[in-house]
1. Assigned to a loop (DSSP other than H, G, I, E, B), basic (K, R) and out of contact with any strand residue (DSSP E or B) (no Cβ under 6 Å at 6 or more places or on another chain), is that true of K3?
2. Quick one: what pairs do we get from region 38-50, first residue within 15 Å of K28 (Cα to Cα), second at pLDDT below 75 and surrounded by 10 or more Cβ atoms within 10 Å (Cβ to Cβ), C-beta under 7 Å, 6+ apart or different chains?
3. Could you tell me which residue of region 30-40 is modelled with the highest pLDDT, considering only residues that are surrounded by 11 or more Cβ atoms within 10 Å (Cβ to Cβ) and of a type outside the set (S, T, N, Q)?
4. For region 1-29, which residues satisfy the criterion of being among the acidic types (D, E) and surrounded by 10 or more Cβ atoms within 10 Å (Cβ to Cβ)?
Amino acid sequence: MEKQMTAEEILEAIQKMSNEARWKLLDKMYDLYYSKEHLIKKERLERLWGGG
């Protein structure tokens, strides 16, 4: 069984990230938790334009 990270461990890992990686993480978290419809539209556009 894989050990789950604590909130403190996650924050420590985030602090070690570059600013670019932090922005990517925030974008992914937003999509994951708040914008599922946005993801569906994004996937459709990527398929339409050959990006996915």
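The values are calculated or read from the model by the stated rules, or taken from the named source; none is laboratory data. Predicted model, so just to flag it, every value in this text is computed and none were measured. Glycine gets a Cβ as well: all are built from the backbone with ideal geometry, and neighbour counts include every protein chain shown.
1. Details: assigned to a loop (DSSP other than H, G, I, E, B): yes; basic (K, R): yes; out of contact with any strand residue (DSSP E or B) (no Cβ under 6 Å at 6 or more places or on another chain): yes.
Spelling it out, K3 is indeed assigned to a loop (DSSP other than H, G, I, E, B), basic (K, R) and out of contact with any strand residue (DSSP E or B) (no Cβ under 6 Å at 6 or more places or on another chain).
2. E43/G52
3. Residues of region 30-40 surrounded by 11 or more Cβ atoms within 10 Å (Cβ to Cβ): 30-31, 35, 38-39.
Now drop any that are not of a type outside the set (S, T, N, Q), which leaves 30-31, 38-39.
Details: Y30: 83, D31: 78, H38: 66, L39: 65.
Among those residues, the one meeting the criterion is Y30.
4. Going through region 1-29, the residues among the acidic types (D, E) turn out to be 2, 8-9, 12, 20, 27.
E9, E12, D27 - these are the residues of region 1-29 that are among the acidic types (D, E) and surrounded by 10 or more Cβ atoms within 10 Å (Cβ to Cβ).
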